[in-house]
1. Could you figure out which of (1) open to solvent by 50 Å² or more (accessible area, probe 1.4 Å); (2) touching a residue at least 12 places away in the same chain (Cβ under 8 Å) isn't true of Ser51?
2. Of (1) open to solvent by less than 30 Å² (accessible area, probe 1.4 Å); (2) at pLDDT 95 or above; (3) not β-branched (Val, Ile, Thr), Asp76 satisfies all except one. Which?
3. Given (1) assigned to a strand (DSSP E or B); (2) free of Cβ contacts under 8 Å to residues at least 12 places away in the same chain, identify the lone condition not met by Thr84.
4. Which one of these does Glu77 not meet: (1) touching a Pro at 6+ places or on another chain (Cβ under 9 Å); (2) assigned to a loop (DSSP other than H, G, I, E, B)?
5. Under 6 Å by Cβ, and 6 or more places apart or on different chains, what pairs join a residue from the stretch 13-30 that is within 24 Å of Arg155 (Cβ to Cβ) and among the hydroxyl-bearing types (Ser, Thr, Tyr) with one that is open to solvent by less than 20 Å² (accessible area, probe 1.4 Å) and in a loop (DSSP other than H, G, I, E, B)?
6. Kindly indicate the residue of the stretch 132-170 that is aliphatic (A, V, I, L, M) and over 14 Å from Leu13 (Cα atoms) and also surrounded by the fewest Cβ atoms within 10 Å (Cβ to Cβ) among those meeting that condition.
7. Can you name every residue in the stretch 13-58 that is part of a loop (DSSP other than H, G, I, E, B), at pLDDT below 95 and touching a strand residue (DSSP E or B) at 6+ places or on another chain (Cβ under 7 Å)?
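The values are calculated or read from the model by the stated rules, or taken from the named source; none is laboratory data. None of these values were measured; they are calculated from a predicted model. Don't worry about glycine lacking a Cβ; one is built from the backbone with ideal geometry, like all the others, and counts go over all protein chains shown. Remember, those area values only see protein heavy atoms, side chains included, never the ligands or the DNA or RNA. Shrake-Rupley method; radii C 1.70, N 1.55, O 1.52, S 1.80 Å.
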Amino acid sequence: EAVIKSLKEFPMLNSSVDENRIILKKRINIGIAVALPDTNLIVPVIKNADSLNITGLAKEINRLAEKARKNALSPDEVTDGTFTVTNFGTFRNTIGTPIINQPQVGILGIGTIEKKPAVIETPEGDMIAIRHKMFLSLTYDHRIINGAYAGAWLRKLADYLESFDTKRTI
């Protein structure tokens, strides 16, 4: 949900390159890297992901992952992705460098969530507290995405994740 919201605000990350042309995609089709039992990966695609709520996204991710692990995906279920998300945190990796699934121009890597000491600034002064921390990494096609744009997108994504209302009705 946060990826989709931030892609809407930074549409160049939901595009592709065709020789010398930049193609802005109208649809947001999110590829989700799925690890297979033999350690290979496949990337099924949630078509029109921006039309699904968070429950619909979770159901579709689970459906596609289950089909992937049974080697039962159709060709249509692995094509037309516009942006990919990979979660190497599943393997307790903190950070990684994902490779772009071309012709897409970006891929988000999500690391494991771990408790870490963090400095918290308060009006009474700084203190050290235990907080859940997670690293995000973005690989992008530098032909059309620069570091400022990529950094601003990652900040927006982090803002959405950090402001998630855990008490909201889903």
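1. Status for Ser51: all satisfied but (2).
2. (1)
3. It fails just one condition, (2).
4. The single condition Glu77 does not satisfy is (2).
5. Note: pairs meeting the criteria are Ser15/Val105.
6. Ranking the qualifying residues of the stretch 132-170, first place goes to Ile170.
7. Leu36 - this is the single residue of the stretch 13-58 that is part of a loop (DSSP other than H, G, I, E, B), at pLDDT below 95 and touching a strand residue (DSSP E or B) at 6+ places or on another chain (Cβ under 7 Å).
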